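**Q** There's a structure below that I have some questions on.
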Amino acid sequence: LTLDDFVAGLPKAELHVHIEGTLEPELMFDLAQRNGITLPFNSIEAVRAAYDFSNLQDFLDIYYQGADVLRTEADFYDLAMAYFARAAADCVRHAEIFFDPQTHTDRGIAYETVVGGLNRAQLEAEAKWGLTSGLILCFLRHLPEEAALETLEMALTHLDKIIGVGLDSSEVGHPPSKFARVFARARELGLKLVAHAGEEGPPEYVYEALDILNIDRVDHGNRSLEDDALTKRLVASGLTLTVCPLSNYKLCVVEDMTHHPIPHMLKRGLKATINSDDPAYFGGYVNDNFRALTAIGLIDQADCVTLARNSITGSFAPDARKAALL
Ligand code: ES4
Ligand code: ZN
């Protein structure tokens, strides 16, 4: 058994994946045709060639454009089923999936259309592959907090369809403190809380996510390592970090993969996990992310076991489900 085969076969949870970021160019073209939409690309190769980013905003511009092909309940169902099939092949047994309702409701797509299609796929994935999952509603941080509050309001009639809320999109200039009220409201509703912090933003944003939003998990968190007191606090709290190596590489958060901070995170005792973020845009699913690190000897087999275990213990799955996966 090679290290690749061993890692591929490890039962794992994926805790940081944006469903809109799993839209492969092939499906983008299929959905464009089905919905009578003309894409600004002539071929699948041209789409892939456009996926050359120098920072987060570069990527977000093209990612929001791609999401425009998603129009009907069937589109969201097909998108999520394609992700679940791919994740199941990577031995993902539990997935906690971000979705960005505002990207769709701002284009006139009903919230129910989005959640309806995603939820139908979740039920089918569990029946078909035993792959359990939960949805995390993300607020777009470049938009006002008022818009986030309205989005949470929309979710209230289907509160049982989501397990938590998150915060994504353009980080710098949009600190967690901007969303203090909507996160307080989400906590009152019994939802889990996560936030992207310390991807491009400074350690101060991670502090705000902890102290002001009261998050249960940190998405990315890379830049926490710049602050020793913050790192110690994250270690002491046992909070899980959802790290995304290929994303970090493609968005130039790290200089190259040999500079990826994951070995330091593990050495410091942080509860790091490996995730794909936006696999259709960043060049790979969860096992590709493990392979990007093992191929250059940055982590070994024991590290991979730790990372896979962290993903299960750091998930929001019920304790019985976690126990079954460990
Ligand atoms: C995202 Cl990598 C990343 N960062 C922030 N927001 C996002 N939305 C989708 N992918
Ligand atoms: Zn992300």
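**Q** If you add up the charges near ASN248, with Lys and Arg at +1 and Asp and Glu at -1, over every other residue whose beta carbon is less than 9 angstrom from its beta carbon, what do you get? Walk me through the numbers before you get to the answer.
**A** Details: positive: LYS250; negative: GLU199, ASP277.
Every neighbour counted, the sum reads -1.
**Q** What's the exposure ranking of VAL69, VAL172, VAL92, going from fewest to most Cβ atoms within 10 Å? Can you show the working numbers first?
**A** Working: VAL69 20, VAL172 14, VAL92 26.
Fewest to most other Cβ atoms nearby, the residues stand as VAL172, VAL69, VAL92.
**Q** Related question: Which of HIS264, HIS142, HIS104 ends up with the largest GNM mean-square fluctuation for the chain, with Cα atoms connected below 10 Å?
**A** Taking springs between Cα atoms under 10 Å, the residue moving most is HIS264.
**Q** So if I place +1 on the C-beta of Lys and Arg and -1 on the C-beta of Asp and Glu, and nothing else carries charge, what would the dipole magnitude of the chain be about its Cα centre? I want it in debye, nearest 20.
**A** Details: 28 positive and 48 negative charges, 208 e Å.
For the chain, the charge dipole is close to 1000 debye.
**Q** Continuing with this model, one more query. Please identify, among ALA184, ALA280, ALA148, the residue showing maximal mean-square fluctuation in a Gaussian network model of the chain using a 10 angstrom Cα cutoff.
**A** So, out of ALA184, ALA280, ALA148, the one fluctuating most is ALA184.
**Q** Give, in nm to one decimal, the length gained when the segment between ALA236 and HIS264 is fully stretched (0.36 nm per residue of separation minus the Cα-Cα distance). Write down the numbers at each step before the final one.
**A** Values: separation 28, 0.36 × 28 = 10.08 nm, distance 1.59 nm.
So the extension gain works out to 8.5 nm.
**Q** May I ask for the net charge around THR306, where only other residues with Cβ less than 14 Å from the Cβ of THR306 are counted and Lys, Arg are +1 while Asp, Glu are -1?
**A** Numbers: positive: LYS12, LYS267, ARG268, LYS271, ARG309; negative: ASP300, ASP303.
Residues close to THR306 contribute a combined charge of +3.
**Q** Taking a temperature of 20 °C and a viscosity of 1.002 mPa s, what whole-number D in µm²/s does Stokes-Einstein yield for the stretch 73-213 with Rh from Kirkwood over alpha carbon pairs?
**A** Numbers: Rh = 15.7 Å.
Using the Kirkwood radius from Cα pairs, D works out to 137 µm²/s.
**Q** Rank these for me by crowding, LYS322, LYS267, LYS250, going from fewest to most other beta carbons within 10 Å. Mind showing how you got there, number by number?
**A** On the way: LYS322 16, LYS267 10, LYS250 22.
Ranked by crowding around the Cβ, least crowded first: LYS267, LYS322, LYS250.
**Q** Also: With +1 assigned to the C-beta of every Lys and Arg and -1 to the C-beta of every Asp and Glu, and no other charges, what is the dipole magnitude of the stretch 242-316 about the Cα centre in debye, to the nearest 20? Don't skip to the answer; put the middle values down first.
**A** Values: 6 positive and 7 negative charges, 57 e Å.
My answer is approximately 280 debye.
**Q** With point charges of +1 on the Cβ of Lys and Arg and -1 on the Cβ of Asp and Glu, referenced to the Cα centre of the stretch 221-262, which listed residue (GLY238, CYS252, ILE262) lies farthest in the positive direction of the dipole?
**A** So the residue we want is GLY238.
**Q** Now, a different point. What shape does the stretch 11-95 take by its C-alpha gyration tensor, where a ≥ b ≥ c are the square roots of the eigenvalues and a/c under 1.5 counts as rounded, a/b above b/c as prolate, and the rest as oblate? List each step's numbers first, then the result.
**A** Details: a/c = 2.04, a/b = 1.34, b/c = 1.53.
Oblate, because a/c is 1.5 or more while a/b does not exceed b/c.
**Q** Here is a follow-up. Work out Dmax and Rg for the chain from the C-alpha atoms and quote the Rg first, both in angstrom.
**A** 18.4, 54
**Q** Further question: Taking the mean number of other Cβ atoms within 10 Å as a proxy for protection, how do you rank 302-311, 230-239, 153-162 from highest to lowest?
**A** Numbers: 302-311: 19.4, 230-239: 15.8, 153-162: 13.6.
Top to bottom by mean Cβ count within 10 Å: 302-311, 230-239, 153-162.
**Q** Skipping prolines and chain starts, which residues have an amide H placed within reach, meaning under 5 Å, of the one on ILE97, given they are 5 or more residues away or on another chain?
**A** GLY134, LEU135, ILE136
**Q** Taking 27 Å as the cut-off for C-alpha to C-alpha distance, list the pairs among LYS161/LYS267; LYS178/LYS267; LYS250/LYS271 that go past it.
**A** LYS161/LYS267; LYS178/LYS267
Computed from the coordinates by the stated procedures, all read-outs in this text should not be read as laboratory data. Remember, it's a predicted structure, so these values are computed and weren't measured experimentally. Because the Cβ atoms are built from the backbone with ideal geometry, glycine has one as well, and the counts that use them run over all protein chains shown.
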